[in-house]
Structure formats: C-alpha cells, structure tokens
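The values are calculated or read from the model by the stated rules, or taken from the named source; none is laboratory data. On a predicted model such as this, the values are computed, not experimentally measured, just so you know. Cβ: placed from backbone, ideal geometry, glycine included. Neighbour counts: every protein chain shown.
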Amino acid sequence: MSRTPGKHGNLREKLDGNELDLSLSDISEVPVRELAALPKATILDLSCNKLTIIPEEFCSLIHIVRLDLSKNQLVQLPSEFGRLINLQHLDLLQNRLAVLPITFSQLKNLKWLDLKDNPLNPTLSKAAGDCLDEKQCKECAQRVLQHMQSLQLEHDKEMQHKLLLDQERKQKQEAEQRMKEEKERALRKRKKQQQKERRRRDYNALQAAQKESKKKTEQQHTDNHKAAPNPKQKRQYKRQSWLRIIACIILFLSMIPLCAVAVCHLTELKNHTVCTRVNTVYKETLSVLHSNPVLERFLQVTPS
C-alpha cells in the first residue's frame, strides 16, 4: 500500500544538510506542503517511487536546485514547471513522458538533463539525444532548452496570432453591435418622428374641429339673436296675424255671394225664385257701380 510522509518531523529526520532523500519511499503523492517548510532542501530525490503526476503547487518550490524524479510513472509535468528558475540538474529517467510543458524553456539555469527511457515524441527525442554520460546529459539540457525555446517562440506567435484574430473578431463584433445600435436608434427616431407627426395632425384636426364648432355655435347664436323678436315686434306680428285671419274670413265670406251670383246668372237655376232675387240684387249693384267712371270701365268686360 502506497504511503505519503505526512509530518514535518519525518522529513526533517531525512534532511541531510541541504539534501532531502525521499527515494524508495513508496509514495504516490508529492508532500508539497511539507517540502515548502524545508527551504534548505535544495537537493531533492524522489526517485523510485509511484508518482504519476506532479501537482501545480510543486512549482512554488523555487529553492530546489537539483531534482531527481527518475524511475517513477510520470505522464506529464505541471504546466508551470518553468517557475523552478533555480533548477540546474533534472533527472527524468524511466518515466512515461511524451512531451514537456512550454514553460520548460524558462529554466535558464538548467545545466544537466536526462530523458532516457521515456516515450518522447520524435522531435523532442532527437533534441534530447542519448545522454549516456555526463557530457551528453549537459548537451541534452542545452539542446532541449533550445528546442523548447523555439517551441515557446512558435507558441507565442500562435498566441499573438490568436490574440490578433480575437481582437479583429471583437472589433468586428463591436462594429456590428454599433451598426445594430445605430439602426435601432434610427428606427426609434423615425418612429418617434412619425408619432410626433401623427400627434400634430390629430392636434391640428382637433383645433380645426373646435374652431368649426365654435363658428357654428356663434352663427347659431347670431341667428337666434336675429330671429328673436322684441316685445313690440311680437305684438306687431300678432296683430298682423289676426289681420290676415280676418282678411281670409272676409275673403271667404265675399266669395259666397259671388259664387251665388255666378250660379244664378250663368246656370239654368237663374229662373228659380231664389236666383231671381239674387239677380235683382246683382243688377241693382251694377247700376250703382256704373255711376263710378273707373269701375264702369272695369265692368265693361263683364257680361250683363
């Protein structure tokens, strides 16, 4: 069963000067917190354990100068591994590493490196070389650093290109957003103008209707004022009305004898007793009228 040193006291007991040997300890996790409490341990040996990953927190142990991680089961190193800026000696023999993190290029002080017996990708494997002796391991560190720096440069270019693309995309989106907002503002302005014109037309129509209504009211008031007679006119109208009625009655009553004269004078009833009397009265009346020269001229057209 794997185990991890959990107490500062246990690690301090293994500390020899500036060297801390945790090899062959059957550990599967790196005791980062305990190691951080031992800044004097600049040489750290974690070889021959069961480590599969190194936690990101491990990269804060920048006091480490020499690190041995050989003969573990590491499949990758932490992405911020380049923060170990004081690291000079690194042993990664017999792990399961295929690539190194881009930040590896920041290990400016690295002088010695062993990557043998790892399933490295062809490009990294070519840069690492054989590393069969001290000289080759030093050359491995130099070549791998150059290789990782070139990858870092390419990565930076890609990130810069991606950043430019993101900026262009963002600018395009902002331009589209501004255009959209301008269209919306223009649409709102046009709608507002249309509403204003509609309200103005309604206002003008209302004003015209009120003016026409006022005009009609004033005209009606004027007509009513003209049509309303004063008391004197009312009495005169009443007197004239009675005179008309009396004239009509007189005219009606005068028509009766005229009709009787016409009937008795022009029809076969002229020999009737009543008509004889009527005709006598008629002749006497004519005689009186003939005495007036004016009326005589008028009566000449009337048959005797």
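Here are a few things to note about the model shown:
- The selection criterion, being of a type outside the set (F, W, Y) and modelled with pLDDT under 90, holds for L164.
- Considering F298, F252, the condition of being in a helix (DSSP H, G or I) and at pLDDT below 65 is satisfied by F298 alone.
For (1) closer than 30 Å to G82 by Cα; (2) touching a Lys or Arg at 6+ places or on another chain (Cβ under 7 Å); (3) outside the structural domain of D68 (by TED's automatic domain parsing), each residue gets a yes or a no:
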position: L132; (1), (2), (3): yes, no, no
position: H161; (1), (2), (3): yes, no, yes
position: L164; (1), (2), (3): yes, no, yes
position: K170; (1), (2), (3): no, no, yes
position: R199; (1), (2), (3): no, no, yes
position: K214; (1), (2), (3): no, no, yes
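- Residue that is modelled with pLDDT under 95 and not aliphatic (A, V, I, L, M), where the choices are H8, H63, H89: H8
- Any hit, region 35-48, residues being among the hydrophobic types (A, V, I, L, M, F, W, C) and without any contact (Cβ under 8 Å) to a residue 24 or more places away in the chain: no
- In region 89-101, the residue that is nearest to the chain's Cα centre (by Cα) out of those that are surrounded by fewer than 19 Cβ atoms within 10 Å (Cβ to Cβ) and closer than 19 Å to E154 by Cβ is P101.
- Of the residues contained in region 83-103, none is found to be outside any loop (DSSP other than H, G, I, E, B), without any contact (Cβ under 8 Å) to a residue 40 or more places away in the chain and hydrophobic (A, V, I, L, M, F, W, C).
- Residue in region 221-231 that is within 60 Å of the chain's Cα centre (by Cα) and modelled with pLDDT of 70 or more present: yes
- Flag if Q177 is within 20 Å of the chain's Cα centre (by Cα) and not basic (K, R): yes
- Residue within region 48-64 that is assigned by TED's automatic domain parsing to the domain that holds L113, surrounded by 21 or more Cβ atoms within 10 Å (Cβ to Cβ), polar (S, T, N, Q) and not in a strand (DSSP E or B) present: yes
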